[in-house]
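Student: The structure's right below; bear with me while I get my questions together.
The values are calculated or read from the model by the stated rules, or taken from the named source; none is laboratory data. Remember, it's a predicted structure, so these values are computed and weren't measured experimentally. Quick reminder, even Gly has a Cβ in these numbers, built from the backbone with ideal geometry, and neighbours come from all protein chains shown.
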Amino acid sequence: MTKGANAAARQLDRTLAALADPTRRRVIELLRERPRRAGELAEAFETSAPAMSRHLRVLRTRGLVEEERVDDDARVRVYRLRREPFDALQVWLRELESFWSDQLDSFGAHVARRAAQERKR
């Protein structure tokens, strides 16, 4: 595996690990609608601010979300999705889908050959 491929694989691992948690997946779903404040996310999940902060820290350190501070209040942070990790995940999923499509094509060809052999008998 090349150095670039190793880095991409590590990033994919980090993305999948972050998304393994159901709360973080739901945070991603909410952020798909629009950017949100950390407090708004905590309220939506009926969880404490520190608990939501831990989830947001994981998503931020894995590169899935980015935070922006609001000018008039340095304590308020708005979170939004970053596109790049999801693009990489989509590429990986397409490659996996291609594998299964190839497998199904091979199976279809095998069935067709067997059917042709049976007709010859």
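Student: Restricting to segment 1-27, give me the number of residues that are closer than 19 Å to VAL58 by Cβ and either touching a Ser or Thr at 6+ places or on another chain (Cβ under 6 Å) or exposed (fewer than 11 other Cβ atoms within 10 Å of the Cβ) (or both).
Tutor: Count: 3.
Student: Being at pLDDT 95 or above and over 25 Å from LEU93 (Cα atoms) narrows it down to one residue among LEU64, LEU41; which is it?
Tutor: Details: LEU64 fails: over 25 Å from LEU93 (Cα atoms).
Exactly one residue qualifies, and that residue is LEU41.
Student: Also, quick follow-up: Restricting to segment 28-37, give me the number of residues that are in a helix (DSSP H, G or I) and under 16 Å from ARG57 (Cβ atoms).
Tutor: First pass over segment 28-37, keeping only residues in a helix (DSSP H, G or I): 28-33.
Filter once more, so that each one left must be under 16 Å from ARG57 (Cβ atoms): 28, 31.
Residues that pass the stated criteria total 2.
Student: Now a separate question. Does segment 69-76 contain any residue that is among the aliphatic types (A, V, I, L, M) and modelled with pLDDT of 95 or more? First the steps, then the outcome.
Tutor: Of the residues in segment 69-76, the ones among the aliphatic types (A, V, I, L, M) are 70, 74, 76.
In the following step, the residues that additionally are modelled with pLDDT of 95 or more were identified as none.
Looking for residues that are among the aliphatic types (A, V, I, L, M) and modelled with pLDDT of 95 or more, one finds none in segment 69-76, hence no.
Student: Look at segment 38-67 and say how many of its residues are over 22 Å from THR15 (Cα atoms) and either small (Gly, Ala, Ser) or in contact with a strand residue (DSSP E or B) (Cβ under 8 Å, 6 or more places away or on another chain) (or both).
Tutor: Of the residues in segment 38-67, 4 are over 22 Å from THR15 (Cα atoms) and either small (Gly, Ala, Ser) or in contact with a strand residue (DSSP E or B) (Cβ under 8 Å, 6 or more places away or on another chain) (or both).
Student: Collect the residues in segment 95-113 that are at pLDDT 75 or above and loosely packed, with under 10 Cβ neighbours inside 10 Å, keeping them in residue-number order.
Tutor: Selection gives GLU95 alone.
Student: Condition first: in contact (Cβ under 8 Å) with a residue 40 or more places away in the chain and among the β-branched types (Val, Ile, Thr). Now tell me which residues in segment 28-58 satisfy that.
Tutor: ILE28, VAL58
Student: In addition: Among the residues of segment 41-90, how many are within 21 Å of LEU16 (Cβ to Cβ), in the same structural domain as ALA20 (by TED's automatic domain parsing), of a type in the set (Gly, Ala, Ser) and in a helix (DSSP H, G or I)?
Tutor: Count: 0.
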